[in-house]
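Enquirer: Starting off with a structure, shown below.
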Amino acid sequence: MSGHHVSSAKFLWGVAIALLFLTYVTVAVTWIHIPEPWNVVVAIAIAVVKSAIVAAFFMHLWWDTKFNLLLLITSIVFFLILIGITLLDTLYRIDPVPSF
Amino acid sequence: MATSESTNIKKIQVRRFKPDENPTSNYLTEERGLWAWMTTVDHKKIGWMYLGSIAIFFAVGGILALLLRTELLTPAQTFFTADAYNQLFTLHGAIMVFFFLVPSVPAALGNFILPLQLGCKDVAFPRVNLLSFYIYVVGALFTLFAIFTGGVDTGWTFYTPYSSSAAGGNVMAMTFGVFILGFSSILTGLNFIVTIHRMRAPGLTWNKLPLFLWALYATSIIQILATPVLAITLLLLTMERLLSIGIFDPALGGDPVLYQHFFWFYSHPAVYIMIVPGFGIISEIISTFSRKHIFGYWAIALSSLAIAFIGFLVWGHHMFVAGQSSLANLVFSFLTFLVGIPTGIKIFNWIATMYKGSIDLKTPMLYVMVFLFLFTIGGFTGIMLGALAVDIHLHDTYYVVAHFHYVMVGGMVMAFLGGLHYWWPKMTGKMYNEMWGRISCAIVFIGFNLTFLPQFVMGSLGMPRRYFNYLEQFQGYHVMSTYGSYILGLGFLMVLIYLTHSIFKGKKAPANPWQSRAMEWQAPSPPPLHNFEHTPVIIHGPYDYHKPMSEFQLGIAGSHNGHGHHEHETETKTVEADK
Amino acid sequence: MEQPSTLEKKQDHLQHHFVDSDQQFESAKMGMWIFLVTEILFFGGLFAAYIVFRSWYPELFLLASDHLDTFWGAVNTVVLISSSLTVAMAIRSAQLNQQKGIIINLAITIALAFVFMVIKYFEYTEKFAVGIFPGGYYTYEGIAHDQANIFFSIYYMMTGLHGIHVVVGIGLMVWLLLRARKGHFSSEYYTPVEITGLYWHLVDIIWIFLFPLLYLID
Ligand code: HEM
Ligand SMILES: [Cu+2]
């Protein structure tokens, strides 16, 4: 069959090592106590990069039809819509904490 | 098709295949018997099984509705206690929405028609298709179980904290049933998307895709994006009842409005799961019975996608008085108005299609007329409800009840009936009685308006929804509405009777009784087990009424896998088909 | 495609309604991607709840996260990433017709998945031991916050659902392993390995987010 990408073993190992390294980084940054919101930003950013690596290389999106990539992006966009608009409510209530 | 070709144009040898007018064997005569039906992976039979199931649920939901209306004949208690009334309207709503409307067009009619319109043998994952039907059955069983173990009285929306702590009965079984049902819906959507992408016959490019398929495509996208959120919401609700996890329950520090966000993130898009396939049917019928190319093909196709997208941005209009922040109210109200745009685009294009067409008011087309009339009222009143200040007055009144019945019954059920009549000859190989068809349609139209028009009036006067008693001043409206519902019920019953009658005693249907140009009509009625004996090749769009019928009946003879690539010797014609 | 004999062999797995193997393979893969979309939105609901509550009670998340063991969380991350690697290697073996490679890599993947679940089991029992149960059964007093139960409800829902996905994954891998031993997969046909792999990587990705969001709040 044509068009099926075969990754070399070396390459796959490289990807895994990059992921493990980023795991180390994400733990390590908690030791230096980055101030609020930025610690969250950094943690999420690293997670996003790791996921992108998994999706691109382990899940072959890099070589795959663009539509599958579009699907992935769509799911993320709609998740962002869900949380984004919900936050418009929950962050801006007069009494943000239900005081029961 | 799926072959990788360097150029976009590919030359294929085709010849004409006129559909067989008297097929000796078809999908109904092959693989007979109960077991063969229950284990079939044929999309047509699965479509029938869905059709049977949703018909049963429609009947059950309808009877519940008549009981509700009967209770409302008098301002005081007529037959039922308040508790019984609460259970009745909950079941009516949940059954009609989850078990009838959501699967009605995609799973029943869509399953049957989609592969035929694509010119392929089956959906991409036939076994998943069957699985999705059985998941639907299991979900239904859970619901039955809930009914017989205490019932549910939360309303179809299962709002917390009532549903999570106070409500009696068996909320868990019910929500779990709906949870399971969601997977059936997801799998149908998944199957359709892949099928439309991967299984199109040679030459069937996106710009020749029937608008019914564009609509199903948009619907499927909503199904896969919205339904999972409903699933997790109901799971959290179940956990709330089971373990008091405190995410939605204010007594434990949770937030009930969050539940509403999650619920409507699914359920507003879900109203488009219900209506968009109906839009598709309307486009098909209106072009066929106006004998005219559809006006604004791309506008209609893309507005389906636009609706699917915008539908995700407006859910908060159900929560204007639920205690969400004013900022959210403002944004949601604004975004809600946007939905009207693509919907309006569709209506205008349909009207323009009829303009100067030679309109033939056969039963399906009559239903389209009814649809255009009623749905427009439903849509406009929706816009009014979307206006923040107006909704504060109208929320949770009969005005809302009337609005959503105008869209769901006046819109979707009419489109469904139109589609059912339209494709009935294809599905059964029989013609129904045209006169009874028209009479019933008229009765349905009269009954419907008599039932729901008064509800707009009493709603705006302040009659709240979900009450079993009411002030005497509303009795006149309620009585009218109740009698209307009996007429409506009669109309539906007549449809059931003459359609059933036609299966046994109806005239034989020709392959293409409406002289349509769409692909499904180029298969025999009823179609053979694998839909086409040849591989159809498509060179014109499905609405090209200015082209002779013969150019819609081209194909290549079947080979090993049906869609063989090898050339046939008796070719009569060479066409260029985009791949 | 030239020799008729290989042509015959190729058609074994091909279902009647597809034209060729490529169409079948691409369809299956797209189907799996769509399924993954639904998975992302399914977990998305939980992530949304997480974000809402974290924005309401930031101090709670800080306090409660201290009670999760970063070390074991990190170990599990390493375990899952390694298993992603072995799945990818299994697919590579299939593409190269290395029957043994498929089997070995799948076996390692299953083993790693088990390790993940065992570690999760110990984490859970340790919590239960001090009274950190989900929801209404929460009795632990060591966290000075009224809504401490909510953090752990979210924790249990997220990791619990993720755990269920791991278990399902194990089931799928075992099924693949059994089929691989019968020699069902080859460079011509390895669709099930490929799409199970996609599923497995997604389970990995979800954990990649769960780990910093639950364990690494400082
Ligand atoms: C132009 C398009 C539409 C707009 C702007 C619109 C707007 C609205 C608004 C603002 C409400 C909330 C009223 C309230 O509870 O106070 C509502 C309720 C509702 N709408 Fe629509 N709508 C539209 C189309 C539809 C369609 C196509 C359907 C179904 C096929 C539908 C089904 C419903 C249902 C079921 C409810 C009531 C839900 C409940 O509370 O039980 N709507 N609509
Ligand atoms: Cu809505």
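The values are calculated or read from the model by the stated rules, or taken from the named source; none is laboratory data. Owing to the predicted nature of the structure, the values given are computational and were not obtained by experimental measurement. Neighbour counts are summed over all protein chains in view; Cβ atoms, including those assigned to glycine, are modelled from backbone coordinates with ideal geometry. Side chains are part of the model used for accessible areas, which takes the heavy atoms of the whole protein and leaves out ligands, DNA and RNA. Shrake-Rupley method; radii C 1.70, N 1.55, O 1.52, S 1.80 Å.
Enquirer: If we scan the stretch B:342-355, do we find a residue that is under 19 Å from residue B:281 (Cα atoms), within 14 Å of chain A (Cβ to nearest Cβ) and not aromatic (Phe, Trp, Tyr)?
Expert: Scanning the stretch B:342-355, I find no residue that is under 19 Å from residue B:281 (Cα atoms), within 14 Å of chain A (Cβ to nearest Cβ) and not aromatic (Phe, Trp, Tyr), so the answer is no.
Enquirer: Could you tell me whether residue C:162 is in contact with a helix residue (DSSP H, G or I) (Cβ under 7 Å, 6 or more places away or on another chain), at pLDDT 95 or above and within 14 Å of chain B (Cβ to nearest Cβ)?
Expert: Yes.
Enquirer: Looking for something open to solvent by 10 Å² or more (accessible area, probe 1.4 Å), away from ligand 1 (no atom under 14 Å from the Cβ), in contact (Cβ under 8 Å) with a residue 24 or more places away in the chain and of a type in the set (A, V, I, L, M) - is there at least one such residue anywhere in the stretch B:356-365?
Expert: Looking through the stretch B:356-365, at least one residue is open to solvent by 10 Å² or more (accessible area, probe 1.4 Å), away from ligand 1 (no atom under 14 Å from the Cβ), in contact (Cβ under 8 Å) with a residue 24 or more places away in the chain and of a type in the set (A, V, I, L, M).
Enquirer: Show the residue pairs meeting these rules: Cβ distance below 9 Å; 6+ apart or different chains; first residue within the stretch B:238-265 and under 20 Å from residue A:85 (Cβ atoms); second residue basic (Lys, Arg) and away from ligand 2 (no atom under 16 Å from the Cβ).
Expert: These pairs meet every condition: B:257/A:93.
Enquirer: Since residue B:26 meets every condition but one in (1) at pLDDT below 90; (2) open to solvent by 20 Å² or more (accessible area, probe 1.4 Å), which condition does it not meet?
Expert: (2)
Enquirer: Can you pull out every residue in the stretch B:383-398 that is within 14 Å of ligand 2 (Cβ to nearest atom) and open to solvent by less than 20 Å² (accessible area, probe 1.4 Å)?
Expert: Scanning the stretch B:383-398 gives B:385, B:386, B:391, B:394.
Enquirer: Is there a residue being among the aliphatic types (A, V, I, L, M), open to solvent by 50 Å² or more (accessible area, probe 1.4 Å) and more than 14 Å from chain B (Cβ to nearest Cβ) anywhere in the stretch A:56-63?
Expert: Scanning the stretch A:56-63, I find no residue that is among the aliphatic types (A, V, I, L, M), open to solvent by 50 Å² or more (accessible area, probe 1.4 Å) and more than 14 Å from chain B (Cβ to nearest Cβ), so the answer is no.
Enquirer: Let me ask something additional. Does residue B:473 satisfy the condition of being within 16 Å of ligand 1 (Cβ to nearest atom) and either in a helix (DSSP H, G or I) or within 24 Å of residue B:336 (Cβ to Cβ) (or both)?
Expert: no
Enquirer: Additional query: Between C:78, C:37, C:52, which is free of Cβ contacts under 8 Å to residues at least 60 places away in the same chain and away from chain B (no Cβ under 13 Å)?
Expert: None of the others qualify; the one that does is C:78.
Enquirer: Right, next: When residues of the stretch B:298-314 are filtered for being away from every other protein chain (no Cβ under 14 Å), in contact with a helix residue (DSSP H, G or I) (Cβ under 7 Å, 6 or more places away or on another chain) and open to solvent by 10 Å² or more (accessible area, probe 1.4 Å), how many remain?
Expert: The number of residues fulfilling the criteria is 2.
Enquirer: With the structure loaded, tell me whether residue C:121 is open to solvent by less than 50 Å² (accessible area, probe 1.4 Å) and assigned to a helix (DSSP H, G or I) or whether it fails that test.
Expert: no
Enquirer: Additional query: Do we find that residue C:185 is buried (at least 22 other Cβ atoms within 10 Å of the Cβ) and either in contact (Cβ under 8 Å) with a residue 12 or more places away in the chain or facing chain A (nearest Cβ under 9 Å) (or both) in this structure?
Expert: Against the criterion (buried (at least 22 other Cβ atoms within 10 Å of the Cβ) and either in contact (Cβ under 8 Å) with a residue 12 or more places away in the chain or facing chain A (nearest Cβ under 9 Å) (or both)), residue C:185 qualifies.
Enquirer: Which residue out of B:416, B:404 is within 18 Å of the chain's Cα centre (by Cα), surrounded by 24 or more Cβ atoms within 10 Å (Cβ to Cβ) and either not β-branched (Val, Ile, Thr) or not in a helix (DSSP H, G or I) (or both)?
Expert: Residue meeting the stated conditions: B:416.
Enquirer: Another question, then. Please tell me if residue A:82 is at the interface with chain B (Cβ under 9 Å from one of its Cβ atoms) and farther than 21 Å from residue B:308 by Cβ.
Expert: no
Enquirer: When the residues of the stretch B:303-314 are narrowed to those that are touching a residue at least 60 places away in the same chain (Cβ under 8 Å) and part of a helix (DSSP H, G or I), which ends up farthest from ligand 1 (Cβ to nearest atom)?
Expert: B:305
Enquirer: May I pose another question? Do any residues in the stretch C:84-103 that are free of Cβ contacts under 8 Å to residues at least 12 places away in the same chain have Cβ atoms under 9 Å from those of residues that are open to solvent by 50 Å² or more (accessible area, probe 1.4 Å) and among the aliphatic types (A, V, I, L, M), where the two are at least six apart or on different chains, and which pairs are they?
Expert: Once the first residue is free of Cβ contacts under 8 Å to residues at least 12 places away in the same chain and sits in the stretch C:84-103, its partners that are open to solvent by 50 Å² or more (accessible area, probe 1.4 Å) and among the aliphatic types (A, V, I, L, M) give C:92/A:6.
Enquirer: Residue C:131 - would you say it is more than 17 Å from the chain's Cα centre (by Cα), more than 14 Å from chain B (Cβ to nearest Cβ), at pLDDT below 95 and part of a loop (DSSP other than H, G, I, E, B)?
Expert: When the stated conditions are applied, residue C:131 passes them.
Enquirer: Identify, from the list B:277, B:269, the residue that is crowded, with 24+ Cβ neighbours inside 10 Å, within 12 Å of ligand 1 (Cβ to nearest atom) and within 14 Å of chain A (Cβ to nearest Cβ).
Expert: Among B:277, B:269, only B:269 is crowded, with 24+ Cβ neighbours inside 10 Å, within 12 Å of ligand 1 (Cβ to nearest atom) and within 14 Å of chain A (Cβ to nearest Cβ).
Enquirer: Here is a list: A:69, A:61, A:88. Which entry is more than 19 Å from residue C:78 (Cα to Cα) and modelled with pLDDT of 95 or more?
Expert: A:69
For every residue, the table says whether it meets (1) among the aromatic types (Phe, Trp, Tyr); (2) under 30 Å from residue B:482 (Cβ atoms).
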{"site": "B:35", "(1), (2)": "yes, no"}
{"site": "B:43", "(1), (2)": "no, no"}
{"site": "B:51", "(1), (2)": "no, yes"}
{"site": "B:63", "(1), (2)": "no, yes"}
{"site": "B:92", "(1), (2)": "no, yes"}
{"site": "B:99", "(1), (2)": "yes, yes"}
{"site": "B:114", "(1), (2)": "no, no"}
{"site": "B:118", "(1), (2)": "no, no"}
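Enquirer: Oh, and also: Given the conditions (1) open to solvent by 10 Å² or more (accessible area, probe 1.4 Å); (2) away from ligand 1 (no atom under 12 Å from the Cβ); (3) modelled with pLDDT under 95, and given that residue B:369 satisfies all but one, which numbered condition is not satisfied?
Expert: Tallying (1) open to solvent by 10 Å² or more (accessible area, probe 1.4 Å); (2) away from ligand 1 (no atom under 12 Å from the Cβ); (3) modelled with pLDDT under 95, residue B:369 fails exactly one: (3).
Enquirer: Looking only at the stretch B:315-336, count every residue that is away from ligand 1 (no atom under 11 Å from the Cβ), part of a loop (DSSP other than H, G, I, E, B) and open to solvent by 10 Å² or more (accessible area, probe 1.4 Å) and tell me the total.
Expert: 2
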